[in-house]
Each structure stands twice: as structure tokens, then as C-alpha cells.
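To start, the structure under review is shown below, and the notes come after it.
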Amino acid sequence: AVLRAAGELDDLPYRIEWSTFTSGPPLLEAVNAGAVDVGGVGNTPPVFAAAADSKIKVIAGTHSRSDGEAILVKKDSPLRRPAELKGRSIAVAQGSSAHYQLVASLKRAGLSPEDVTLNYLQPADALAAFTRGKVDAWAVWDPYTSQALDQAGARVLTTGQGVVNGLGFQIAATAALADQAKSGALKDYTERLRRAQDWVFGHPDAWARVWSKETGLPRKVALDAVRRSRGTAVAVAVDKAAIASEQQIVDTFAALRLIPRSFDFGSFVDPRFNGGLPPSGTAPRTYGKAD
């Protein structure tokens with residue numbers, strides 16, 4: 001939808017078949033299975049997929065603000081600090097960017113995953129559990145963060161800003177990269193995505209209208225998500241610093257035995273599309289503080 005809204009499908013020299021996924025892990029399962037050639041995910045799904053020896057490569061990166069990566073509680077919750085999550089139940093999608101943000105936030109508060117009860121739920125089920133009071137907190141990302149704040153009586157306990165790396169990636173199937181025609185299309189596709197992201201930053205209201213129509217999200221929720229995090233992304237190289245930052249996630253999950261072993265994240269990166277992109281530490285764009 002973003003490519004269409006930005007006018008990047010007008011002269012497309014190849015055909016795209018679109019598929020929708022609720023989070024990164026199932027998308028990467030489809031990439032590994034050969035059902036999908038490329039897809040966008042957060043910083044953690046490729047760690048879990050690579051740990052399972054999936055046939056994937058990281059081919060492009062973005063750096064965004066992490067205000068949309070949040071641990072949410074209900075407005076009337078007694079919880080005020082992450083340290084107070086000890087002994088509480090938390091919904092999170094396993095292997096998602098929110099999973100690492102939760103682990104990192106717990107660590108910063110002097111806690112570990114063993115100090116809480118994790119309920120591994122995809123966003124729709126997590127929203128239902130959160131709304132009905134079946135869990136004490138929900139670790140999630142935008143647009144679900146904005147949706148819960150607007151519709152589910154949620155408030156932010158803490159965010160990932162300053163806690164996680166804010167990186168997102170385009171992940172391609174190794175078979176697609178080995179195919180000359182598809183690899184050429186992937187190069188063109190990533191360039192179109194970068195231009196579309198520039199368009200989103202300059203046209204947040206227009207993109208929110210399109211996104212709302214495509215997904216059924218209320219326009220306010222869509223716009224809040226764009227301004228809070230989704231529109232702040234800047235295209236960056238998947239460079240040594242990005243690989244080192246992702247390696248920290250690998251080592252963290254391996255130490256917690258949430259993945260079977262540690263491994264070299266760099267071996268799952270294909271740098272051919274980095275081109276003249278800026279370093280991965282380039283500051284994200286910002287609209288100012290979201291409501």
C-alpha cells in the first residue's frame with residue numbers, strides 16, 4: 001500500500017503478489033518456505049529465523065524511533081515502573097521485536113524473563129487478553145501500540161526508545177537472491193521502498209488516510225502510529241555496527257536459552273544493496289512528540 005500511495009508502482013517493470021502477516025516471525029517462516037521472496041520485519045524476527053537455519057538474508061535496513069515499541073498497562077493499573085512487573089503476566093509475540101524490547105526493559109529494571117509470566121500471543125489475541133484483563137501488561141509495537149492507547153484504555157509503562165536499536169530490515173529468501181531476475185527486482189524494490197519512506201515522512205496525513213482505508217484502522221490511530229514511529233524511519237546500510245547490534249540480540253536470547261545457540265549474525269547478511277546509504281547509526285527523523 002505504501003508503494004502505491006507514494007506512486008512507486010506506476011512504472012513497475014515486474015509483478016508483485018502481496019501477502020499480509022500479523023508479525024515478523026510468521027512472515028519469515030513463509031520466506032524460509034519459499035512462499036514469499038521478501039518482507040519487512042523488526043530487529044528480532046531475523047534472529048529467531050537465523051537461529052533455526054532459515055534460508056534468509058538481510059538485504060536492507062531502516063533506523064526508526066522506538067517510541068512505538070512499548071510495554072502497555074491499563075490506565076487503572078497500579079504498575080508505574082518496569083521493576084513492578086515482577087510476578088506479573090505479560091503478553092508478547094514470541095520472536096518479535098517486542099519480545100526483545102521486553103527482555104531488554106526487564107534487564108534494565110533488574111529483572112529477567114523468569115521473574116514474570118510470559119504469554120506468547122499474536123497481536124489480535126494479545127489485544128483481546130489485554131482488554132479483558134487476562135494479562136497485566138502487553139509488549140507490542142505500532143500500530144498496535146497506538147490502537148491500544150486509543151481504544152483499549154492503555155497507557156505506556158515504558159518504551160524501547162534508548163533501550164533497543166530501532167532497526168528494521170527487509171529479509172529476502174536466499175533462492176530469490178540467487179535468481180538473477182529476482183535479485184535485480186529486489187534491488188529495484190528496495191530503492192522504491194526507500195523513496196516511499198521519504199514520501200511517508202513528508203505526507204503523514206495522506207499516508208495515514210491510505211493506511212486506515214487498507215487496514216481498517218481508525219485514521220487517528222494510523223496517524224498516531226506514523227508520527228510516533230512508522231514515519232520516522234530513515235534508510236540505512238546494514239553495516240558492521242548494525243550487525244554488531246543484532247549480534248547482541250543473538251547473544252542475549254542464546255544466554256536465556258530462548259534460541260538453541262549463538263551464531264554469527266553477519267553470515268545472514270547480504271550487503272550488496274547497501275550502496276551509498278548512510279551508517280546504521282544515522283538518527284531517525286522525527287515529527288516531535290506524538291500524542
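Computed over the chain, the quotient of the alpha carbon radius of gyration and 2.2 N^0.38 Å is 0.96.
The simple Förster model, with R0 at 51 Å and r as the Cβ-Cβ distance, assigns Arg257 and Glu191 a FRET efficiency of 0.80. When you restrict to C-alpha pairs under 8 Å that are six or more residues apart and normalise by the size of the chain, the relative contact order lands at 29 percent. Sequence-distant contacts, meaning Cα pairs under 8 Å at least 6 residues apart, place the relative contact order of region 70-159 at 50 percent. Past the 20 angstrom mark, what percentage of all C-alpha to C-alpha distances in region 161-291 do you count? The answer is 57 percent, as a whole percent. Taking Cβ atoms as reference points and 9 Å as the exclusive limit, the residues near Ala233 contribute a net charge of +3, counting Lys and Arg as +1 and Asp and Glu as -1. Extension gain for the segment Ala33 to Arg219, taken as residue separation times 0.36 nm less the Cα-Cα distance, is 63.5 nm to one decimal.
In plain terms, the chain from Tyr14 to Ser267 could stretch by 88.2 nm, reckoned as 0.36 nm per residue minus the Cα-Cα distance.
Principal axis analysis of the Cα atoms in region 44-135 yields extents of 43, 28, 26 Å, listed in decreasing size. Charging the Cβ of each Asp and Glu at -1 and of each Lys and Arg at +1, and nothing else, the dipole of the chain about its Cα centre rounds to 720 debye.
Given +1 at the Cβ of Lys and Arg, -1 at the Cβ of Asp and Glu and no other charges, the dipole of region 70-159 around its Cα centre is 260 debye to the nearest 20. For the chain, the number of Lys pairs separated by eight or more positions or lying on different chains, with C-alpha atoms closer than 16 Å, is 8.
Between Ala175, Leu277, Ala126, the Cα set farthest toward the positive side of the dipole of the chain (charges on each charged residue's Cβ, about the Cα centre) is that of Ala126.
Note the angle between two axes, namely the Cα long axis of helix 180-202 and the longest principal axis of the Cα atoms of the chain, as a number of degrees from 0 to 90, rounded to the nearest 10. Taking the Cα atoms of the chain, the angle to 180-202 is about 50 degrees.
Using θ = phi - 60° in the Karplus curve 6.51 cos²θ - 1.76 cosθ + 1.60, the 3J(HN,Hα) couplings for region 22-27 round to 7, 7, x, x, x, 4 Hz; x is entered for Gly and Pro. Loop sites by DSSP among the trypsin sites (Lys or Arg not before Pro) of the chain, restricted to those with at most 11 other Cβ atoms within 10 angstrom, leave 133-256 as the longest stretch without any of them.
Positive end of the dipole of the chain (Cβ unit charges, origin at the Cα centre): among Gly34, Trp18, Val156, the Cα lying farthest that way belongs to Val156.
Every number here is computed from the coordinates shown, using simple stated rules; none is lab data. Everything numeric in this text was worked out from a predicted model, so none of it was measured. With ideal geometry, Cβ positions are generated from the backbone for all residues, glycine too; neighbour counts draw on all protein chains shown.
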